[in-house]
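See below for the structure under consideration.
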Amino acid sequence: MLDLTFENPKPKVIAGATGDWELVIGLEVHAQVASNAKLFSGASTTFGAEPNSNVAFVDAAMPGMLPVINEFCVAQAVRTGLGLKAEINKTSAFDRKNYFYPDLPQGYQISQLYHPIVGEGEVLVELSPGVARVVRIERIHLEQDAGKSIHDMDPNMSFVDLNRTGVALMEIVSRPDIRGPEEAAA
């Protein structure tokens with residue numbers, strides 16, 4: 001039987017030059033969706049394939065290519081939300097987060113910045129046998145992963161492998177309810 005009467009521990013304090021700092025932690029966890037196809041293309045997500053062999057035209061940002069959502073990835077995000085006792089939003093939308101990565105061929109990441117698929121929930125964190133506490137979840141949203149830059153194959157050049165480009169990720173964001181490294185690890 002779990003004891004859920006666990007009270008927040010005494011704040012961990014770090015001495016600073018201008019005063020003490022209380023350790024307050026919120027986590028952002030990127031979890032790959034267990035799907036055989038990418039978030040917006042039918043390209044394979046098989047790990048360890050030859051470089052640039054699991055890339056569809058939409059993943060490579062070819063002109064005129066339009067993304068089509070992988071419904072299985074949406075269902076997996078909803079299932080995750082239900083497992084975290086979270087609010088499942090009736091509407092969600094994707095946005096473009098513009099930034100340059102050499103291994104992000106579109107020049108932007110398709111993500112759910114403003115309207116995530118899953119809202120507030122919670123996760124029960126076991127801190128020791130029989131002792132647990134609740135950490136609140138702020139949101140879960142779907143987004144594309146970037147590719148992979150490779151710097152160790154040649155002393156003068158870098159290479160890009162786009163196999164991961166477009167792989168579906170769930171970004172699970174907690175509230176700042178964690179008060180120490182032990183709790184974060186748990």
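The values are calculated or read from the model by the stated rules, or taken from the named source; none is laboratory data. Everything numeric here is computed off the predicted structure, so don't read it as measured data. Reconstructed Cβ throughout: ideal geometry from the backbone, glycine too, with neighbour counts over all protein chains shown.
Taken over the range 145-174, residues that are basic (Lys, Arg), surrounded by fewer than 17 Cβ atoms within 10 Å (Cβ to Cβ) and under 16 Å from the mean Cα position of the chain (by Cα) amount to 0. A count restricted to the range 78-108 and to residues that are in contact with a Ser or Thr (Cβ under 9 Å, 6 or more places away or on another chain) and farther than 22 Å from residue 61 by Cβ stands at 1.
Go through the residues of the range 88-107 one by one and say whether even a single one is among the hydroxyl-bearing types (Ser, Thr, Tyr), out of contact with any strand residue (DSSP E or B) (no Cβ under 9 Å at 6 or more places or on another chain) and under 30 Å from residue 177 (Cα atoms).
Taking the range 88-107 first, the residues among the hydroxyl-bearing types (Ser, Thr, Tyr) are 91-92, 99, 101.
Now restrict to residues that are out of contact with any strand residue (DSSP E or B) (no Cβ under 9 Å at 6 or more places or on another chain): 91.
Of the ones still in play, those that are also under 30 Å from residue 177 (Cα atoms) are 91.
Checking the range 88-107: at least one residue is among the hydroxyl-bearing types (Ser, Thr, Tyr), out of contact with any strand residue (DSSP E or B) (no Cβ under 9 Å at 6 or more places or on another chain) and under 30 Å from residue 177 (Cα atoms).
Of 13, 55, 33, 24, all but one fail to be surrounded by 10 or more Cβ atoms within 10 Å (Cβ to Cβ) and free of Cβ contacts under 8 Å to residues at least 24 places away in the same chain; the exception is 13.
Taking the range 10-98 as the region of interest, the strands (runs of 3 or more DSSP E) fully inside it that hold 2 or more residues being modelled with pLDDT of 95 or more are 28-32. Restricting 126, 122 to those that are surrounded by 14 or more Cβ atoms within 10 Å (Cβ to Cβ), touching a strand residue (DSSP E or B) at 6+ places or on another chain (Cβ under 6 Å) and assigned to a strand (DSSP E or B) reduces the list to 122.
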